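A short worksheet on the structure shown next.
The values are calculated or read from the model by the stated rules, or taken from the named source; none is laboratory data. Bear in mind the structure is a predicted one, so any value in this text is a computation, not a measurement. Counting neighbours? That spans all protein chains shown, and the Cβs are built from the backbone with ideal geometry, glycine included.
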Amino acid sequence: MMASSTKAQKIGKPPKHNETETPGLMEWLRRTNFNDLANSEMHSRDFNGSRAEYIYMRIRLLSFMFSILALLWIPIDIFIVPEEALGSILGLRIAYSGLFLILGLVTKGPQSLYCARLRLSAFVLIPCLFYIGSRLVFNADTDVGGALVGYSFLPYLTVVLLAIFPLTLLEGISYASLVGITFLGCEIYFGGLLTISALGDIWLLVLLAGIAVWAQLAQLHMLLRLYREASRDALTGLVNRRVLNKWLQLEITRARQQQRPLSILLFDLDFFKRVNDTYGHLTGDKVLQAFSRLLKRDLANYNLIGRYGGEEFLAVLPGLDEAGAMVIADRIRKNCHMVKTKGPEGCLVSFTVSIGVTGLRDMDNTEILVNRVDKGLYSAKMKGRDIVVLAEEQPAEKPEDSENS
């Protein structure tokens, strides 16, 4: 009876605070790459394009909304602004509305991070200029205290709106600083020495900027996590086939615009099914991981590699012709001979790779280019595997031993 009572007490004993919360915090810290949140240098081009499009769509929506709301504020201006300042304020408001309308209509480069940053800079700069203009107009008249109240909230609104964009720490501080410098400059220019009231307003603006930056980083972290879960192969950490095809399409466009060569490599681990059947799928997974690490090391200058499916991997090599791609492919093939993976009971498992190589030609699109390099890969298998073959125009027959390929 006492034993069962003691057991019940142990089962019902609440866990310690550290046992439940500390591991969760440590796990979050371990998984969070703070370099990813500080700047965009480590982000892939595909993610930068997706983030740029995300920013672009939100700026367009807000720009159209502000363009309309600015005009809807005109009746309030007519009611509260003194007659001598009304003409100037209406001119500023129409210009304010027009600039936002133009910003909303600009559609160039929705997937360019550079264009997104310029667009967001304009989105912040327009209300800053309007705020400076309104202060200049109201400062010339002494009887506009009530009217100025309707304009003084603009810097706070601009900073708060920055919270809806997924920005890095550097980007968030830069845009918030633009608003802060505008506000601080106006206070010093129009108010002379900073008063207690002005310092309180500055403190509130800094507080809102801090909250906005925190929200921006949270959005960026969530987008990065969702993007990597959707675009990365969980086993190897390389990008998946969907992202590879998107990369390849972009690189084909760039190669033609810049008139530079482009080559691709298609890899297939030889007799991979035999490895799984002989040593088990866990060992097969280790072989895939070992080969992906080799590709990351040997193709570090290109970083456009991914798992194309099963035991097939594809690499995109911008700026490299077929001859240069053949040299790199053969080096990777030879390096595979020096890699061994631990199998069951400590046995060492080696592997080889067959590689197809091809370069971009005049009439190629993504499908034609991949089909041709696939023919080169099958030629490598047909010629005995563990070989590099430059793809030819004529199709090669699939090897009969496809089951053990």
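Need a quick list: strands (runs of 3 or more DSSP E) entirely within region 292-350 having at least 1 residues that are under 15 Å from Asp386 (Cβ atoms), in the same structural domain as Arg260 (by TED's automatic domain parsing) and not basic (Lys, Arg).
Output list reads 348-350.
Can you tell which of Asp362, Asp374 is in a loop (DSSP other than H, G, I, E, B), assigned by TED's automatic domain parsing to the domain that holds Gly280, among the charged types (D, E, K, R) and within 18 Å of Ile264 (Cα to Cα)?
Of the residues listed, the single one that is in a loop (DSSP other than H, G, I, E, B), assigned by TED's automatic domain parsing to the domain that holds Gly280, among the charged types (D, E, K, R) and within 18 Å of Ile264 (Cα to Cα) is Asp362.
Against the definition (free of Cβ contacts under 8 Å to residues at least 12 places away in the same chain, outside the structural domain of Leu360 (by TED's automatic domain parsing), of a type in the set (A, V, I, L, M, F, W, C) and touching a helix residue (DSSP H, G or I) at 6+ places or on another chain (Cβ under 6 Å)), how does Ala198 come out, yes or no?
So Ala198 fits the description; yes.
Kindly check whether there is at least one residue in region 167-184 that is under 18 Å from Ser152 (Cβ atoms), charged (D, E, K, R) and in the same structural domain as Leu157 (by TED's automatic domain parsing).
Scanning region 167-184 turns up no residue that is under 18 Å from Ser152 (Cβ atoms), charged (D, E, K, R) and in the same structural domain as Leu157 (by TED's automatic domain parsing).
One line per residue, one yes/no per condition, for (1) free of Cβ contacts under 8 Å to residues at least 24 places away in the same chain; (2) crowded, with 18+ Cβ neighbours inside 10 Å; (3) among the acidic types (Asp, Glu):
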residue: Gly280; (1), (2), (3): no, no, no
residue: Gln289; (1), (2), (3): no, no, no
residue: Ser292; (1), (2), (3): no, yes, no
residue: Gly319; (1), (2), (3): no, no, no
residue: His337; (1), (2), (3): yes, no, no
residue: Glu345; (1), (2), (3): yes, no, yes
residue: Leu348; (1), (2), (3): yes, no, no
residue: Phe351; (1), (2), (3): no, yes, no
residue: Asp362; (1), (2), (3): yes, no, yes
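Here are Leu266, Leu244, Leu262: which of them is under 30 Å from Glu392 (Cβ atoms) and under 16 Å from the mean Cα position of the chain (by Cα)?
Residue meeting the stated conditions: Leu244.
Out of region 101-133, which residues are charged (D, E, K, R) and touching a helix residue (DSSP H, G or I) at 6+ places or on another chain (Cβ under 6 Å)?
Arg119
For the condition without any contact (Cβ under 8 Å) to a residue 40 or more places away in the chain, within 22 Å of Met65 (Cα to Cα), hydrophobic (A, V, I, L, M, F, W, C) and assigned to a helix (DSSP H, G or I), what is the one hit in Leu184, Leu157, Leu161?
Leu157
Among the listed residues Phe100, Phe64, identify the single one that is hydrophobic (A, V, I, L, M, F, W, C), free of Cβ contacts under 8 Å to residues at least 60 places away in the same chain and either crowded, with 19+ Cβ neighbours inside 10 Å or not assigned by TED's automatic domain parsing to the domain that holds Ala212 (or both).
Phe100
Within region 173-208, restricting attention to residues that are surrounded by 13 or more Cβ atoms within 10 Å (Cβ to Cβ) and in contact with a Leu (Cβ under 8 Å, 6 or more places away or on another chain), which residue is modelled with the lowest pLDDT?
My answer is Glu187.
Which is touching a Pro at 6+ places or on another chain (Cβ under 8 Å), outside the structural domain of Asn39 (by TED's automatic domain parsing), in a helix (DSSP H, G or I) and of a type in the set (D, E, K, R), of Arg254, Arg274?
The match here is Arg254.
Could you tell me which of the residues Leu167, Leu235, Leu244 is part of a loop (DSSP other than H, G, I, E, B), under 30 Å from Ser292 (Cα atoms) and either at pLDDT 85 or above or in contact with a Cys (Cβ under 9 Å, 6 or more places away or on another chain) (or both)?
Going through Leu167, Leu235, Leu244 in turn, just one is part of a loop (DSSP other than H, G, I, E, B), under 30 Å from Ser292 (Cα atoms) and either at pLDDT 85 or above or in contact with a Cys (Cβ under 9 Å, 6 or more places away or on another chain) (or both): Leu235.
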